[in-house]
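This report concerns only the one structure given below.
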């Protein structure tokens, strides 16, 4: 089966309301359902360094009720719908799915909380407590939970990716005031900073009518102009060793990589698959199966919109020396830099990417989410050209970007050692 045989073009139409809300419509008459996806162009990178965690806090506050609808979930459930949301360092995304005949319920719910989210001390206290408990449970008390707090602070000196989505410090959420929260909301959660996608068994004219009816009168707000401090090129390797009460030593190493729209992104994404995307990958085959240095190891990146991080992480087999494990990793990276990959190895990871994308496109929810994301990147039609960009990556591209990324001066290494107390 060829590359284009299983990948379909995602057709959509686009229009914009007078208040700046971008609306994309994807029609799929094979389903009785409709997905509404609303993406706000705000993430943890847009926070004040002294007030972090606000984007994630809003993910919770947006379900706390609006002025006219005290409980978001109840009317949606009565309409046969379900919903969820997520926040990243780059964006905040809300989505719901419900039967097509009840589509207007979604317009009503989403427009009301954009227009008139209920700001109350009680709501803030409830959600603050939830977020603070999440911070403690997952990042302070969970084994290995503080890894990315440590690693982000090690790898970034300037860019706001240096803190996690949940925030840099617990006290930023603990001390957040109602006025802080309101200011953040009215700066970012406005029509001109949002992208609405409606996908499923819908009619374009009906979507236009409902969008204008429910969102058209919401004040536009001011388009957020992002002007983030850029991370300088790393010129010297950074290392950190910590001791924690964990069962196994863990190794983490990351390198700075280009942005999501950089031409090298696709080659680098495939490099992560070659190195650690499956049990047949190079790192797993050599370091887990053959040398038995690691109990598991993987290679991945975060898909960050701005310049991001490519990461290798693994848990060591008990008794294995950390320096020896790192040396074994470096040998595999050196081979990738010096010796071109074979065409069949590259084709294998390209085929895997093709299959994964085709599988994701089977879900109406994923299609709606992807359209919103590519529109955020600047052009929703990018969604339909991504596959060709992966397929056009060459053996030479893989070697070029491996040599560029895996420069020791560009690296950040964390030894996470399984000891209860510092020696």
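Key figures
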{"read-out": "DSSP-defined beta bridges in region 238-418 - what % are antiparallel, rounded to 5", "value": "75 percent"}
{"read-out": "On Cα atoms only, tilt of 364-377 relative to the major axis of the chain in degrees", "value": "80 degrees"}
{"read-out": "Within region 156-200, backbone nitrogen closer than 14 Å to the virtual label 7 Å beyond the Cα of residue 48 toward Cβ", "value": "172-188"}
{"read-out": "Simple label model, 7 Å out from Cα along Cβ direction - residue 344 to residue 205, nm", "value": "5.8 nm"}
{"read-out": "Length-normalised contact order for the chain - Cα pairs under 8 Å, 6+ apart - percent", "value": "22 percent"}
{"read-out": "Mean separation of Cα contacts under 8 Å, 6 or more apart, over the residue count of region 1-87: relative contact order %", "value": "15 percent"}
{"read-out": "Folded to 0 to 90 degrees: helix 395-405 orientation relative to the chain principal axis, Cα", "value": "90 degrees"}
{"read-out": "Nitroxide proxy distance, nm - points 7 Å out along Cα→Cβ at residue 171 and residue 130", "value": "2.6 nm"}
{"read-out": "Principal-axis tilt of helix 103-116 within the chain, Cα atoms, nearest 10 degrees", "value": "80 degrees"}
{"read-out": "Length added when fully stretched, residue 351-residue 386, from 0.36 nm per residue minus Cα-Cα", "value": "11.3 nm"}
{"read-out": "Estimated inter-spin distance, residue 419 and residue 220, nm [label 7 Å along Cα→Cβ]", "value": "6.1 nm"}
{"read-out": "Directionally averaged projected area (convex hull, Cα atoms, region 13-215), nm²", "value": "12.3 nm²"}
{"read-out": "The chain: calculated mean residue ellipticity at 222 nm from DSSP helix runs of at least 4, using -39500 (n - 2.57)", "value": "-11500 deg cm²/dmol"}
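None of the figures in this text is laboratory data; all of them are computed from the coordinates on show. Computed from a prediction, not measured in an experiment: that's the story for all the values here. Methodologically, a virtual Cβ is constructed for each residue, glycine included, from the backbone with ideal geometry; neighbour enumeration extends over all protein chains shown.
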